[in-house]
Each structure stands twice: as structure tokens, then as C-alpha cells.
Amino acid sequence: MSILNKKPERDPGAAEAVAGDELLVTGGHTFSSLTDKVSGIVEKKTPQQWYLLFAMAVSGLMVLLGSIGWLVWEGTGIWGLNNPVGWGWAIVNFVFWVGIGHAGTLISAILFLLRQQWRTAINRFAEAMTIFAVICALMFPGIHVGRVWLAYYMFPIPNQMLIWPNFRSPLLWDIFAVVTYFTVSTLFWYVGLIPDLATLRDRAKNLRKKVLGLFALGWRGGNRQWQHYEKAYLMLAGLATPLVLSVHSVVATDFATSLIPGWHTTIFPPYFVAGAVFSGFGMVMTLALIARKIYGLQDIITLNHLEKMNKIILVTGSMVGYSYIMEFFIAWYSGNEFEYFAFINRALGPYAWAYWIMFLCNVITPQIFWFKKLRRSIPVMFVASIFVNIGMWFERFVITVTSLSRDFLPSSWDYYTPSIWDMLTFIGSFGLFFTFFLLFLRFLPMVALAEVKGTLPEADPHNYHKEGGDK
Amino acid sequence: MAQIFPQWTNKAPFVVLAGVGFSLVVVVGLVWYYASPWNTDVGYRPIQPVPYSHKLHANIDSLSLDCRFCHTGVETSPVAGIPPTQTCMNCHNMIKADSDKLALVRESLKSGTPIAWVRVHKSPDYVYFDHSAHLTAGVGCASCHGRIDEMEVVAQAKPLSMGWCLECHRNPDDHLRPAGEITNMNWTPGANQAEFAKKQKQFLDIQAPITDCTGCHR
């Protein structure tokens, strides 16, 4: 057996090497076994579950396209909108999807700056999830007036009507915030992918080698390239960090700058950001648990990783719960009877069912993560993460619909009921999301290989001349 | 390791990026110019059922009829109005009563079916436009319709686009004239136009024209 075919083994002394920390990657993986593992996912035969899921996702996408087609043909009358409730599920879904997108940047940028190395196991697909969620989100403002051919109004393009975007409108800030977010997230994701694409390229042949080579931008892994690369990555992380806070703050101003009771509150921006990170982690958790199971990534995304994510879910969930309660306090403390009514109406009015679903899912559910046993139980966290997603959707529903349906003037009150097309559009947006996501899993390395390798003891330059590793 | 791509590909991304950027600007520019009513609508000159000549009837060197002789509603209603056949026949039962060109007019009078004139100046149904408001403020016919008195067959002279409307709504001073000159096709602003416009606005107590969306889209 030649030395080239010999499977490298971990140096027994190296396990303790990373500054006394426990290893992030379990299962005795080495550089080359990690490469084989992660690259193998896209190189080997696709598991049958993937085809099943992809068929479902594409069916959902077709439902979405059908619903949008019918919307364009017939107009927003197919939705359940009525006179006081002019913002229905389209806006609810927009905020929901933008919120989902927050986990990616938080994991990739903020945790990067804070040197939380455990992020490396999940950052690649959390970023991918961000991008696809933001695509789903951006779709809704595009279709929500039913006139998709006027979507260009959102951009400052010269036109014969002399119409320019209104800079006093938070809806315009939205476009800038979300598009910036999308651009920076995509750049960040792509920059992170370059070394891994090069790894795949070097393992590929023929056309596949050329295509991967095109996107690897000539990466050779030289010392100088790494220096530039890490600087670029650091700068992008710095750029992306304020975006984590700004995007959902701006989305919150869509509501907060209006005068509708229940919307017009200063707590909205931070409260939205906490909720966004909360929902984003819920979604990352759901996806991570499924992908980890199907692709056998238990060594890379370990229970320790999942436990850390559950802690973040607990923290942000508690922040969201605090906001809910604080809103009530301020509504009472303000002495404003409309504000007071808006919140009593939320909890006890015709939408009380939605409010309490939201409250149970978002405030009560994460509290189970105070217990270590539950924090480390896969079935528990899977169910909890789905509850988080449901709860956060209902949060947006409660905020948008309850305030609009009962505003200042009782004679204009009306109850909003979604139509079948509202529901199909929402279900369809999941089809769009999962179509993208499954394609990503199929064709790109779903774990940031180069970064995960950086957390192995062998990546430490001093590893081999430490005690126990005399090489 | 052998290179996968030749060296010139180093430059390719920049060329592609620059090309995409340039094409975007060009496409926006082309649409902005060629798809605007300046290009698509100005000069629209449909064939009318009767060869009626505004040049003959309205020009100062010819018959010099006032616009309001036929378009009677222009000062009092949103629409200027197309004259009924009877208006034509007021004169033409005496003058050129046997002209071949007027055969359709006579037939229309006999049968009671109006002549199907083809509309030249169209505004979309989501635009609220009122002729009387503009005339009362002192905007002359020629400001929007051009020199109708020089047209054998009426053509659209201005784009009637939203941007074109807004240009005047934002700065109407050059287009205001004394009430007596409203239908005068030969009127041109004098040297003291700015002063006149100021006085006119004070006199009529008109505010700046509406530029809110709801001014026209009600």
C-alpha cells in the first residue's frame, strides 16, 4: 500500500490541542476525511429523499407561479383584503421571510467577529437560507399590489411620468435596506464559497472542472491569496454586521412610522430584530436537523452546536416575550385610550386565537431550553423549532391584521379572513424557498469546509511541536 | 497543475461587468426615450371622416373663427366638446351647400346619426382633467394643443404625458395669459410675463397648481 492511499489518521495527542476546548468536530475527522465527507455529498449519488423533497418543492413552486399568475390576471380581489385591512398576508409573509433571513448574517458576520468558531458548521447553509428567504421576501412587495409590471416604481429609474421613489416613505427605505442586505449576504456567501469551490474543482474532471473553476475565480490556496481573502472576509463581516440590525429595524418602521395604534411604538425596531433572529434560528434549526440526518453530518453539526443554537433561541425568544409584555405595559402607561384598546383587542378581541398561538409558540416554547436535557434532545428541538416558525408567522399576522381591522373609528371595523389564494401563495413561497435550498444542497458544499478545517487541532501551527506531538 | 483557463480570462469578469453595467444604462435610456409619449404619441394624426380643415376655419389669415364657436363647453365643463352636425350646417346650408366634401355632413343631418370624428387628444380614464379649470386659470388652447390653426388635419402636438403635465404644474408662469387671449393662437408671452403671471395669480386667487397624486388621480 503506497503512502498516498493510506488513510491519514489523527495524531492521538492532537485531540487536546485546541486551547483546552472540546473539539468542534467529532468522529476523529481529519482534513482529508472532512473533504471527502462534504465534497462527497455533491459528487456522489443523490439520496432518494432528495428527489422526493425536490418534487414536493417544485410542486410548491408551481402552486406559487399559478397563484401569482391568477393574481396578475385578476388583481388583488382574489385575496381576502377588505377596506380597513389593506395589508394582508402578502405583507405578513414579507416580514416573515425577511425575518427568517436574519439568522444567516448573524451567524456569518456577528459570530465571526465574536470569534465563535462553532458557527463554521452551520454558517454556509444558514447564509444560503438567508439568501433564499430574502428572495422569497422580496417577491411579496413585488406582487402585493397585483400589478407586477409596475414593480420598477420601487427603483429610481428615469421615466416620462417624472415619478421618483418617495424618500419620506419607509416602504422605500425597505427596498434599499432589503436589497442592500441581499447584495451583501450574497457577496458574503460567495466569498466564503470560493475556497470550497476550488476544493471541488480540484476533485472534478472535464466540464465540471471548468464550471467549478469559473466560479472558483482561480483560487489556488496560496499564502497571499489567503491573506487577501481573510481581509476581504473580515471587511464583509464588518459591513454585514450593521445590516443585521438595520434591515429589520427598517421593516419595523413600515409599521412604526404610521399612526395606527399598536404600530406606532418606538419598541418596534429592536423588538423586530430580536424576533427576526429568533425566527431565523428556528428555521436554521429545522433545516439543520433534516439535512444532518439525511446527509449523515452528525460529526460536523454536533449536539454541542445544536445546543448553542438552542441557547440563542432561548435568549431571543425571551427578548421577544419581554417585548410583548412591555408593549402591554406601555399601552397602559401611555394613558392613550386608543393604544390601550389596541392591545386589549389583540389579546381578547376577535383575533385572540392568533394572539395566544403567537404567545404560546414564541414565549412559552423556548423556555423549555432552560433544561439541558431538553436542549440536547433532537426530537424536542425539532418540534420546538417548528413551533418557533409558526409563532413568528403569527406574530406578523397579529401585528398587521389586528391593528388594521380595528382602528380609531368603530364604523370602519371589519374582520379579515384570508382567501384560498392567500394561503396558496404562502404555501407556494415555501416551494420557492425549498427549490432553491435543495438545489443548493445538491450542487454546493453545504458546510464551510475551509473554515471547519480551521477549527481542527491540526490547523494550529503549533500543533505538531506541542507536547505529545513530537513531529 | 495545468491551468484550466487561458490567461485572457483574467480580464473577462471586468469586461463582463462593465458590459452588463453599460447595457443596463443603454436599455434604460432607450426605453426612457423611445417608449415615452414624446416619441410614441406626438404627431398622431388619424384620418377623419370629413376633411375638415382647422387651418381654413381658424387661421387668422383665413376665416378666423374662435375655437369656442364650435368647442362650446371648453370654458364651463371638463370637456371642450365636439360640435354637433347642426353647428356645421349653420353655415354650410348656405355656404358651399353642394360641396362633395360635405356629403357626409349633410347625410348626418338627414339621418340624425352623428359624424364619427376620431379623437386625437386622449387622456387615460384614470386621469381627471378639466378644461374649464385650465382656461379659468389662464392657460391658452395652444399651450397644450399647439398651433391647431396651422393644421389641415389635426395632429397631437404635445406628448400629454404625466411628466409633461407636471412640468407645467410645477412652473406654470410661462403658460398663463390674459382671459381675452385664451383662444388666440398667435399670442406670445411678452417681456413682462413674469410680472403678469404673478399679478394674474393674485388676481384670480389661484394657488400653485396641484402636484399631489390626487390632483389628477382621484
Using alpha-carbon coordinates, inclination of helix A:420-443 to the longest axis of chain A, degrees
10
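Over 29 Å between Cα atoms, which of B:K122/B:K199; B:K101/B:K122; A:K37/B:K11; A:K44/A:K373; A:K205/A:K231 qualify?
Numbers: B:K122/B:K199 32 Å; B:K101/B:K122 26 Å; A:K37/B:K11 35 Å; A:K44/A:K373 36 Å; A:K205/A:K231 31 Å.
Pairs exceeding the cut-off: B:K122/B:K199; A:K37/B:K11; A:K44/A:K373; A:K205/A:K231.
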Taking the Cα atoms only, what angle lies between the long axis of helix A:170-203 and the longest principal axis of chain A, rounded to 10 degrees?
20
Treating the beta-carbon of each Lys and Arg as +1 and of each Asp and Glu as -1, no other charges, what is the dipole magnitude of the protein assembly as shown about its Cα centre, to the nearest 20 debye?
2240
Taking a ≥ b ≥ c as the square roots of the Cα gyration tensor eigenvalues, with a/c under 1.5 meaning rounded and otherwise prolate when a/b beats b/c, else oblate, which class fits the protein assembly as shown?
prolate
Once phi is turned into ³J(HN,Hα) by the Karplus curve 6.51 cos²θ - 1.76 cosθ + 1.60 with θ = phi - 60°, what whole-Hz value does each residue of region A:108-120 show in order, with x for glycine and proline?
7, 9, 5, 5, 5, 5, 7, 6, 8, 5, 5, 4, 4
Separation in nanometres of the label points that stand 7 Å from Cα toward Cβ, at B:T214 and A:Q49
5.7
Taking 30 Å as R0, compute the FRET efficiency from the Cβ-Cβ separation of B:T76 and B:N192 and round it to 0.05.
0.50
Given the DSSP H assignment, sum -39500 (n - 2.57) over each helix run of at least 4 residues in the protein assembly as shown and divide by its residue total; what's the result at 222 nm in deg cm²/dmol, nearest 500?
-17500 deg cm²/dmol
Distance between region A:355-369 and region A:239-295 - C-alpha centres, whole angstrom:
16
So which GluC sites (Glu not before Pro) in region B:125-188 end up in coil per DSSP with only 12 or fewer other C-beta atoms within 10 Å?
B:E152
Integer Hz, Karplus 6.51/-1.76/1.60 couplings in order for region A:282-294, x for Gly and Pro:
x, 5, 4, 4, 4, 5, 4, 5, 5, 5, 4, 5, 5
Mind putting a number on the dipole of chain B about its Cα centre? Charges go on the C-beta only, +1 for Lys and Arg and -1 for Asp and Glu, and I need it in Debye to the nearest 20.
360
Partners for A:K453 among aspartates and glutamates (Cα-Cα distance below 19 Å; same-chain residues under 8 apart left out):
A:E9, A:D11, A:E16, A:D21, A:E22, A:D36, A:E127, A:D196, A:D202, A:E230, A:D299
What ranking do A:L207, B:L102 get, fewest neighbouring Cβ atoms within 10 angstrom at the top?
A:L207, B:L102
Mind checking which of A:P158, A:A240, A:P47 is farthest towards the positive end of chain A's charge dipole, using Cβ charges of +1 (Lys, Arg) and -1 (Asp, Glu) about the Cα centre?
A:P47
In region A:30-458, if the dipole is taken from +1 on Lys/Arg beta carbons and -1 on Asp/Glu beta carbons about the Cα centre, which of A:S249, A:F394, A:F382 is farthest to the positive end?
A:F382
Tensor-based shape of region A:120-250 (alpha-carbon gyration tensor, a/c under 1.5 rounded, otherwise prolate or oblate):
prolate
Measuring from centroid to centroid over Cα atoms, what is the spacing of region B:52-115 and region A:379-401 in Å?
72
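Taking 56 Å as R0, compute the FRET efficiency from the Cβ-Cβ separation of A:N223 and B:V26 and round it to 0.05.
Plugging the Cβ-Cβ distance into 1/(1 + (r/R0)^6) gives 0.85.
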Within 10 Å of each candidate Cβ there may be at most 15 other Cβ atoms; applying that plus a DSSP loop requirement, which trypsin sites (Lys or Arg not before Pro) in region B:1-108 survive?
B:K11, B:K96
Explain nothing, just compute: Karplus ³J(HN,Hα) = 6.51 cos²θ - 1.76 cosθ + 1.60, θ = phi - 60°, for every residue of region B:95-106 in order, whole Hz, x for Gly and Pro.
8, 6, 5, 10, 4, 4, 4, 9, 3, 5, 5, 5
Give me the angle, in degrees from 0 to 90, between the Cα long axis of helix B:193-204 and the longest principal axis of the Cα atoms of chain B, rounded to the nearest 10.
60
Each label sits 7 Å from Cα toward the beta-carbon; between A:D460 and A:W73 the label points are separated, in nm, by 6.5
Trypsin sites (Lys or Arg not before Pro) within region B:114-180: which are DSSP loop residues with at most 12 other Cβ atoms inside 10 Å?
B:R119, B:K122
Please report how far the C-alpha centroid of region A:410-447 lies from that of region B:34-50, rounded to the nearest whole angstrom.
45
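What's the longest piece of chain A with no exposed chymotrypsin sites (Phe, Trp or Tyr not before Pro), counting a site as exposed if DSSP puts it in a loop and it has at most 14 other beta carbons within 10 Å? Numbers along the way, then the final one.
Working: sites that count: A:F167, A:F371, A:F408, A:Y415.
Counting at most 14 other Cβ atoms within 10 Å as exposed, the longest clean stretch of chain A is A:168-370.
Since every read-out is calculated from the coordinates, none of them should be taken as a lab result. Computed from a predicted structure; not experimentally measured. Every residue, glycine as well, gets a Cβ built from its backbone with ideal geometry; the counts of neighbours run over all protein chains shown.
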